[in-house]
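Just below is one structure, and these are the notes that go with it.
Each reported figure results from applying straightforward, stated rules to the coordinates on display, with no laboratory input. These numbers come from a predicted model, not from an experiment. Cβ: placed from backbone, ideal geometry, glycine included. Neighbour counts: every protein chain shown.
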Amino acid sequence: MLHSGQLYKSVQFSTNIYIGDPLIAVKIFNEKLAEELSIVDIDPCKYGSEIQFELLEQIAGECFMPLSYGGGIKTVEDVRKILYSGFEKVVLNSIVFKNQEVVRQMVDEFGSSTIVVSIDYKTINGMKQVFVDGGKTNTNIELMDYLQTVKSLQVGEIILKAIDLDGTMSGMDLETIQKVSSAIQVPVIANGGVGHLNDISAGFSAGASAVGVSSLFVFKGPLKAVLINYPDPQVTKQVRNRSHVIV
Amino acid sequence: MIGIIDYGCGNVGSVQNMFSKIGIWSEKIAKPENLTDYSGIVLPGVGAFDTGARRLKSTGFWDALKQFVEVDQKPILGICLGMQLFFEGSDEGSEAGFGWLPGNVQKFSASESLRIPHMSWNAVDFKSPRYTDLTANNFYFVHAYHAPANLDPMYVLGTTLYGEMFPSAVEHNNITGFQFHPEKSLVYGMELLKRWNLIHLEK
């Protein structure tokens, strides 16, 4: 996740822990053979700043694996520029709530496989509610209702994020993952709460096509020192082909 | 020195960085002058067939590449759209390709269960012993069109299965083309580029 051009890991979408220079991190992921990398810039989402096309081009130039980008995408032209800078997919979030017509145009122009929708939700009084603007704004729409709208847009992939669990490493919201994956046909990438390799397997069993793992890959030991790595290589072998690295 | 053609059809940074990572000298070329100074050329590219063909013509690369490949007989590697432009044409557009390989680039036949574009890691079944001993044959694909399925086997370097079997790597003397992206395929892509370099430039 980018903030002020630097790489951070969030906790519950608010506290941000500095990880390092994104270009150096990308080189580490090259070495670690990450099979896909997703980059999210929170500044355009939260503070409305511009998409940093130049930085994205630099990152893509250093990357030897497929890439996706999310953060502040509003127009068909934004998507075109990002794809031409060397990214394979774009991740949409707030725009899906604000302007479904433009999302339809993006799908028409670039194909379903290129367009990913990220849905952030929080549990409020037992209800799963969808949040946009980097977790700042409550849409007051229930997750499953929102999902129906997203389904009609024919996007290629859904990233599901439990804000409450982000960065907590306390286990995934399996019930919601199960409900969401059975409601739609496109792949669901579940995020939030992975603290253990068992959580990844549990996410897959609940129906996720991929599990976003972040803290587990960037922090090491009880004091959470920053060290970008896969956990024990022997154990990760079984999950690595299916787990995305999302920082 | 390898020249990577930068004609405004996609980011060529990762191609160049991958070459430098495996210790092979390369540089981006934005102008067609002095093309003959290079020992080999890489033609990358993403996007529509017609856009690619027109850009090559408007930048002057078209004629320079014909000279390089047809007259000088020096090695060229096409990646994705770059490879597609080696054919006579494409069902995607109306512009002519270089015609170094026979037939038209075609669209995946539509089917309910098949997602187009084909966008994933997939296996390449290499037909030539010069490529069959690579450590891994999985590469990253992003495309909606592919080389003609009925391409004469003498030009087929490798095939991939996605709903149907299609040529994902092609070869004809000094001309090599990959539909997938070695520059997005981690160390497996590096090994492959190294091999292409070994076969065509260190012979």
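Brief remarks on what is shown
- Ranking of B:5, A:51 by neighbouring Cβ atoms within 10 Å, starting from the fewest: A:51, B:5.
- If you take the Cα centroid of the stretch A:1-29 and the Cα centroid of the stretch B:42-110, the two points sit 40 Å apart.
- Each Lys or Arg adds one and each Asp or Glu takes one away; over the other residues whose Cβ falls under 13 Å from the Cβ of residue B:146, this sums to -2.
- Treating r as the C-beta distance of residue B:202 and residue A:185 and R0 as 45 Å, the FRET efficiency rounds to 0.40.
- Residue (of B:18, B:170, B:143) at the positive-pole extreme of chain B, dipole from beta-carbon charges: B:18
- Sum of side-chain charges, residue B:103 neighbourhood, beta-carbon under 13 Å (Lys, Arg +1; Asp, Glu -1): -3
- Restricting the trypsin sites (Lys or Arg not before Pro) of the stretch B:71-136 to loop positions (DSSP other than H, G, I, E, B) with no more than 14 neighbouring Cβ atoms within 10 Å leaves B:130.
- The P(r) of the protein assembly as shown has a tail past 33 Å containing 36 percent of all C-alpha pairs.
- Filter on A:81/B:107; A:27/B:194; B:21/B:184; A:89/B:57; A:46/A:161 - keep pairs with C-alpha separation over 18 Å: A:81/B:107; A:27/B:194; A:89/B:57
- For the stretch A:2-246, a crude dipole built from +1 on the beta carbon of Lys and Arg and -1 on the beta carbon of Asp and Glu, taken about the Cα centre, is about 460 debye to the nearest 20.
- Compared with the direct C-alpha span, the chain from residue B:120 to residue B:36 gains 26.7 nm at full extension, assuming 0.36 nm per residue.
- Range in chain B, longest, excluding exposed GluC sites (Glu not before Pro) [loop by DSSP; at most 10 other beta-carbon atoms within 10 Å]: B:113-201
- Cα centre as origin, Lys/Arg/Asp/Glu Cβ charges: the protein assembly as shown dipole, Debye: 720
- The label point for residue B:72 and the one for residue B:136, both projected 7 Å from the Cα toward the Cβ, are 3.5 nm apart.
- For chymotrypsin sites (Phe, Trp or Tyr not before Pro), the sites in the stretch B:1-76 that DSSP calls loop and that have at most 11 other Cβ atoms within 10 Å are B:25.
- Sorted by Cβ neighbour density within 10 Å, fewest at the top, the residues B:133, B:50: B:133, B:50
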